[in-house]
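Take a look at the structure set out below.
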Amino acid sequence: NDENTVLPVCNKVQIPDLRYILAPMVGASELAFRLLCRKYGATLGYTPMMDAGRFARDVEYRKSEFQTCTEDRPLVCHFSANSAEDFAAAAKTAEPYCDAVD
């Protein structure tokens, strides 16, 4: 398979080749590191784990903990949560800036 293989999916959505996933790492999944890893072949990145409740409610927390750019896609936002409501609220807030949540 070609490294840039794109797999067709229903509704004309395409999924890029995801053989090289940059797993979430405590203290090492910030934007600069994700971009460096993408430069060397990573095709999917994860954010550091973020507190879902704070992410959903606190703009300053989001600004300090979550950075991304157009080159940082596809991207999974990685959350910790104590309630389904907090997780759902964080996922909804992150939706425009990522491709999946975990």
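Of the residues LEU31, TYR61, SER80, the one whose Cα sits farthest towards the positive end of the charge dipole of the chain is LEU31 (charges of +1 on Lys and Arg Cβ, -1 on Asp and Glu Cβ, taken about the Cα centre). Among the listed values [x] 1.05; [y] 1.12; [z] 0.99, the one matching Cα Rg over 2.2 N^0.38 Å as calculated from this structure is [y]. The angle between the Cα long axis of helix 84-94 and the longest principal axis of the Cα atoms of the chain comes to about 60 degrees, rounded to the nearest 10.
Run lengths n ≥ 4 of DSSP H only: what is the helix-derived mean residue ellipticity at 222 nm for the chain, with -39500 (n - 2.57) per run over all residues, to the nearest 500?
About -9000 deg cm²/dmol.
A cut-off of 5 Å between modelled amide H atoms, ignoring neighbours fewer than 5 places along the same chain, links CYS98 with no other residue. Taking label positions 7 Å along the Cα-Cβ direction at both SER64 and PHE33, the computed distance is 1.8 nm, reported to one decimal. For ARG54, neighbours were defined as the other residues whose beta-carbon sits under 12 Å from its Cβ, and their charges (Lys and Arg +1, Asp and Glu -1) total -2.
Within the chain, the longest run free of GluC sites (Glu not before Pro) that sit in a DSSP loop with at most 11 other Cβ atoms within 10 Å is 4-70.
We did not get these values from a lab; they are worked out from the coordinates using the rules stated. Not measured: the values here are computed from a predicted model. Don't worry about glycine lacking a Cβ; one is built from the backbone with ideal geometry, like all the others, and counts go over all protein chains shown.
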